[in-house]
Amino acid sequence: MSLTGPGSITAATLMAQTNMFTQLDKLSQQLSTGQAAQTYSDLGSQAGLVLSLGSQLSAINGYSSTATTVGTTLSLAQSVLGQLDSARTSLEQAVNGQGAFSLDNNGKTTVQESAGAYLDQIVSLLNTQAGDTYLFSGSAVNQPSVADASLILNGNGAQAGFTQVLSEREQADLGTNGLGRLVIPPASGSTVSISEDAAGSPFGFKLAGVNSSLTGATVTGPSGSPQSISVDLGSNPNAGDSIQFSLTLPDGSSQTVTLQATTATPPGANQFTIGTTPADTATNLQAALTTAVSNLAQTALPAASAMAAANDFFSSDLPQRVAGPPFATATSLVAGTPANTVFWYTGESGSTPARQTAVAQVGPSTSVSYGMRANEQAISTLIGNVAVLAATSYSASDPNAAASYQALSLKVAGNLDGQPGTQKVSDMEADLANAQTTVNNATTLNTQTQSTLQDMLQNIDGVSQSQVGEEILTLQNSLSASMSVSARLAQLSLVNYLGPVTG
């Protein structure tokens, strides 16, 4: 049995060393975490404030993450819109700058073949995704925005594509007599008449008005149901007198047929010969009117009919088709169904404004709307006019083909340039630019708020890394010295204090 002496390790020494170990562990945690307290209970009265500040910081971090995602989506969307507008500009320039009318084996011009390629490009752009989200599908972000370009034009089996819808509409607008659904019967005595073939029909020419300077003539209409105009030649007109018939075309545009009285035989273009009697003159006027309307029906009317078909197919939630067959005598439109008609837009088509279909909160009190639909006016007009060029074809043997194509080209070029009061791609770009500004401003404010909250938390719960490091070094030195003394004391016994034993 050994006895310990006065220099032995005491309970107080052991307790002091334990406390130093505990303090060293605490300081080590502070050094690694940068926080003074590891539990909220260690913060005392400041715990509630730290909880509140931490919650605010977490929310701001969430807003910042959302803002980053939305910003990326907006940048991609702006790039797509820029490419769409570039395609529009390029095609418009091609239409305006094309040379002589020349058809290939498909009955199309070079510009029309180019339009087919542009349609492919536009469809591809409209199906752009940001991650798994389709940009132009409205709120239906998980489904493609538009159908395949070939399907849109050519259909699939029982589903009619735009080319078929366009053909049916042209038949309905032209009618059976080649006069654009107008009826011009032989003159009755000295009276010439012209009328629409059916009341309320959306097809063909519509009588909009008449203006006459024919001496002795009595003009009535348009009136009645269906609308009609009559011209009663009470006496022969004078050479140079004229009469104008105003017509409205299927796309809402207008044409005027002007016929002038002449003594020449045969008469020139858009003239009628003054006969021996008013009845003879009426016969000549009827013939001139028939020829003029027929010419318009072969040139201006097909172009207007194509634009009307594009509007019915691309600008309606439900594509509109001629209620037929037969088509040439049809008097109404009917909504297509998914079973019999291709629906070119495959995204969501609700009543909510397009921008509101995607809304994100990018700051505590800031939200941004950035949704888009491919069937917005600017895009549906673009794809409709491109599709009109791509779907229309002509016969090289048709003497009116060049004039008809020129009429169509003028309409397409005008629409691509943008009609007053209609939405343009640049308008969509402006909307998104405003959204980008909102996101950028919110990001700046979020960054400032994050910095402020972090500073406040640092002042409450933060530690100085250098100060903690110095405290750890000091504590390690103290602990090392204490442990060294303890080790020496642990080796002492009473024997160390007794002298040598003598015999």
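Here, each number is a calculation from the coordinates, and none is a lab measurement. Source: prediction; values computed, not measured. Note that we place each Cβ from the backbone using ideal geometry, even for glycine, and neighbour counts take in every protein chain shown.
Please identify which residues in segment 212-237 have an amide N closer than 17 Å to a label point set 7 Å out from the Cα of Thr331, following the Cα→Cβ vector.
224-228
When N is the residue count of segment 182-300, what does its C-alpha Rg come to as a fraction of 2.2 N^0.38 Å?
1.00
Can you list the residues, at least 5 places off or on another chain, whose amide H is less than 5 Å from the amide H of Ala208, using H built in the peptide plane?
It is Ser246, Leu247, Thr248, by chain and number.
Report the residues of segment 310-344 in range of a label on Ala199: point 7 Å along Cα→C-beta, backbone N strictly under 19 Å from it.
330-333
List, in order, the whole-Hz ³J(HN,Hα) value for each residue of segment 218-226 obtained from phi through the Karplus relation with A = 6.51, B = -1.76, C = 1.60 and θ = phi - 60°; use x for Gly and Pro.
10, 10, 10, x, x, 7, x, 9, x
Taking 7 Å along the Cα-to-C-beta vector as the label spot, tell me the Asn340-Gln356 distance in nanometres, rounded to one decimal.
Rounded to a tenth, the inter-label distance reads 3.5 nm.
Treat each spin label as a single point 7 Å out from the Cα along the C-beta direction, and report the Thr215 to Ala402 distance in nm.
Spacing of the two 7 Å Cα→Cβ label points: 3.9 nm.
Fully extended, how many nm does the chain gain between Thr452 and Thr265 (0.36 nm per residue separation, minus their Cα-Cα distance)?
Full extension from Thr452 to Thr265 adds 57.9 nm.
Given the Cα-Cα distance of Ser75 and Ser223 and 0.36 nm per residue of separation, how much length would full extension add, in nm?
47.7 nm
What is segment 182-300's relative contact order, in percent, from Cα pairs under 8 angstrom and six or more apart in sequence?
Once normalised by length, the contact order is 25 percent.
Return, ordered by residue number, the residues of segment 239-257 whose backbone nitrogen is under 20 Å from a label point located 7 Å along Cα→Cβ of Leu410.
Inside the label zone: 244-257.
Expressed in nm to one decimal, what extension gain is obtained for the pair Ser188 and Ala208 from 0.36 nm per residue of sequence separation less their Cα-Cα distance?
Residue separation times 0.36 nm, minus the Cα-Cα distance, leaves 4.9 nm.
Between segment 372-450 and segment 133-184, what is the separation of their alpha carbon centroids in Å?
First find each Cα centre; the distance between them is then 18 Å.
Would you mind getting me the FRET efficiency between Glu113 and Ala140? Use the beta-carbon distance for r and R0 = 22 Å, nearest 0.05.
That pair, Glu113 with Ala140, gives E of 0.10.
Mind listing the long-range amide H neighbours of Ala140? Cut-off is under 5 Å, sequence gap 5 or more, other chains count too, H placed in the peptide plane at 1.01 Å from N.
Residues meeting the amide H criterion: Glu348.
In nm², what is the average projected area of the convex hull enclosing the Cα atoms of segment 107-258?
Averaged projected hull area, Cα only: 14.4 nm².
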